[in-house]
Amino acid sequence: MCLAVPAKVKEIKGDIAKVDFGDGVTRDVNISLVDVAEGEYVIVHAGFAIQVLDKEEAEKTLKLWEELLSTAETSPSGKY
Amino acid sequence: MFRYRDSEVAKKIVEKLKGIDLKIRIMHVCGTHQDTIVRFGLDSLFKQSGIEVRQGPGCPVCVTTTREYEEAITMAKKGNVLATFGDAVRVPGRASSLLDLRAEGCDVRIVYSIEDAVNLAKKTGKNVIFLAVGFETTAPSTAVTLLRDPPENFTVLNCHRYVPPVLHALLEMGDLAIQGLLEPGHVSTIIGLRPYQMLSEKYHIPQVIAGFEPLDVLMGIYMLAQQIKKGEAKVENEYRRSVKPEGNVKALAVLEKVFEPVDLAWRGFPVVKASGMKLKNKFQNYDARKRFEDQLKELENMDFPEPKGCRCNEILRGLVNPQDCQLFARACTPSHPLGPCMVSIEGACQIEYKYGGGPR
C-alpha cells in the first residue's frame, strides 16, 4: 500500500503528468500534491505523485556514506 | 538508484555493524521495508550482527479490521459497485472476501487509484463505493479527490489511519522490548520528522527514517545501532532525497481540510487513541457509512473473531514471526490466505512465503 516508485516526468498538462517508470511504460499520474517540472523525478503512490526526488540530497547521501565508510567508527548523525 | 544497491558498500556496512557488537531488537512499520529486508536476505545479515528486525503494524491492508472489510462486503452484496486496491479485495471477511463475491454476481472492481473509482462513477451512473485503505501516504489522494466535488453517486468507505498514534500505543503497551524504530520512508515523506520527536522524548527510543533500497535499510539500521550504542534517542533521516523535515506541506494541508482524528481499532490492537482519520462534517455526503447506514444495520452487534489459529494479531504487534504460526505455509498460503498478513504484498507472512521458505 505504501509502495511508491520513482518516475520521470515527461509532460505536464494541468494536474496530470505523463511519467516514465524507467521500463518504457508511461502513465498518467496526478501531480496536484507536488510542485514539479518536466524532467524531474517524482515518487508515485496509487496514481499520485507524493514528492519530487531531490537529486542533490541523493548525491549528498551517497557521498556521506562513502566518507562514513572510509573512516573508522564515526556516526553519520553529526554530519547529516 | 543503482548505486543504492552497491554490494561493496553493503559489505562495508555489515562489517561495521558486526563491529558494533550489540544484541538488539529493532522494529520497522512498513511492508516495503520488510520486502527489501527479506528479498535481499538482509535479515540473515542482521542476525549475524546480533540484530533482530521485526515488522510491526506497517501493512495498511493488514491492520484494517474484519469489521471494516465486512462493511465493504455487505455493501457490495446490496448491489453497490465496490472499488478498491488489489490487495484489499482478497482479505477474508467472516465467510468470503470481496473477490469471492464476484462469483456471486457482485460488482467488485480493482482500481489503481481513487481517480479510477471516480471515473467509474461518472461513466456508469451507479453507486460506486471506494474502500479507502491506507496511511498518510495514501490518504492525501482521497482528500484531494473529495475536495474536487466528485459526483453524488461516489462515496468513500473510509478506513484511513495515522501511523504515529499506533507507535505510541505499541510503546505504551510495551509487550515487546524494542531498542529502536526504523520509520517508514513514504509515510514520513508526507508527515515529516516532527511527529516522531515526541516519541523519542517520551520513550527515549532512537528512530531513523529510511528509504527502501537495500543500502537505505542497511544504513538506517546502522544509524540506529550507533544511536543505541551511544545511548542516544534522536530522530534521524536517512531518506533525505524524499523526506523533508516539514514533510509534504501541500499533502498535509489537504489532509487537515478533509480529516480529523478519531479513536479507532486496529487489527491486533485495542482502540488506538486519535489514530483514525474521520471525514469532517463538510464531507459527510461522501461518507458511505452515512449514506448507506441502513445497509450496515445488520453488522451493529456482531463480533468478528479472527480465523481459528491465525496469529496475524500477534504478528502485527511484532510479537511473533510468520513461521511461529501453525497455519503458515500449511493451511494458509498466498493462493488460500486465512489472515490478511498472507494476503497483502506488504504482509509479513506473504513476504516470508515468497522469499523466505516453508513452515518451520
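Here are some notes:
- The stretch between residue B:271 and residue B:122 holds 50.0 nm of extra length on full extension. This uses 0.36 nm per residue minus the Cα-Cα distance.
- Springs between Cα atoms under 10 Å define the GNM used for chain B, and in it the highest mean-square fluctuation of B:208, B:128, B:254 occurs at B:254.
- Computed on region A:5-74, with alpha-carbon pairs under 8 angstrom and 6+ residues apart, the relative contact order is 25 percent.
- Candidate lysines for bridging to residue A:63, where Cα separation is under 17 Å - those fewer than 8 sequence places away on the same chain excluded: A:55, A:79, B:11, B:12
- The relative contact order of chain B, computed from alpha carbon pairs under 8 Å that lie at least 6 residues apart in sequence, is 22 percent.
- Ordering B:112, B:227, B:312 by Cα displacement along the dipole of chain B toward the positive end leaves B:227 in first place; charges were set at the Cβ atoms of Lys, Arg (+1) and Asp, Glu (-1).
- Charge dipole (Cα centre; +1 on Lys/Arg Cβ, -1 on Asp/Glu Cβ; no other charges) of region A:5-74 amounts to roughly 300 debye.
- Antiparallel content of DSSP bridges confined to the protein assembly as shown, in %, to 5: 45 percent
- Whichever aspartates and glutamates have a C-alpha closer than 12 Å to that of residue B:229, once near sequence neighbours (fewer than 8 apart) are set aside: A:73, B:21
- Shape call, region B:204-360: gyration tensor on alpha carbons, a/c limit 1.5: oblate
- Gain upon complete extension [residue B:234, residue B:147; 0.36 nm per residue less C-alpha separation]: 27.7 nm
- Farthest toward positive dipole pole in chain B [+1 Lys/Arg, -1 Asp/Glu at C-beta], among B:184, B:275, B:7: B:7
- Cα long-axis angle, helix B:163-173 against chain B (0 to 90 degrees, to the nearest 10): 60 degrees
- Whichever lysines have a C-alpha closer than 23 Å to that of residue B:297, once near sequence neighbours (fewer than 8 apart) are set aside: B:77, B:78, B:126, B:278, B:280
- Cα long-axis angle, helix B:194-203 against chain B (0 to 90 degrees, to the nearest 10): 60 degrees
- The Kirkwood radius of region A:5-74, taken over pairs of alpha-carbon atoms, gives through the Stokes-Einstein law at 10 °C and 1.306 mPa s a diffusion coefficient of 120 µm² s⁻¹.
- Cβ-Cβ distance of residue B:294 and residue B:336, R₀ of 56 Å, FRET efficiency by 1/(1 + (r/R0)^6): the value works out to about 0.95.
- Nearest 10 degrees, 0 to 90: helix B:214-230 Cα axis against chain B principal axis: 60 degrees
- For the protein assembly as shown, the spread of Cα positions along each principal axis, largest first, Å: 65, 52, 41
- Of all DSSP beta bridges in chain B, antiparallel share, percent nearest 5: 20 percent
- Residue B:110 versus residue B:301: modelled label distance in nm, points set 7 Å from Cα along the beta carbon direction: 3.9 nm
- Calculated FRET value between residue B:11 and residue A:26, using beta carbons and R₀ = 41 Å, to 0.05: 0.65
- In this rough spin-label picture, where each label sits 7 Å from Cα along the Cβ direction, the residue B:103-residue A:35 distance is 5.3 nm.
- Comparing B:168, B:336, B:160 in a Gaussian network model of chain B (Cα springs below 10 Å), the most mobile by mean-square fluctuation is B:336.
Rule-based calculations on the coordinates, nothing more; no lab input. Keep in mind it's a predicted model, so treat the numbers as computed, not measured. For neighbour counting, all protein chains shown are included, and Cβ atoms are generated from backbone atoms with ideal geometry for every residue, glycine included.
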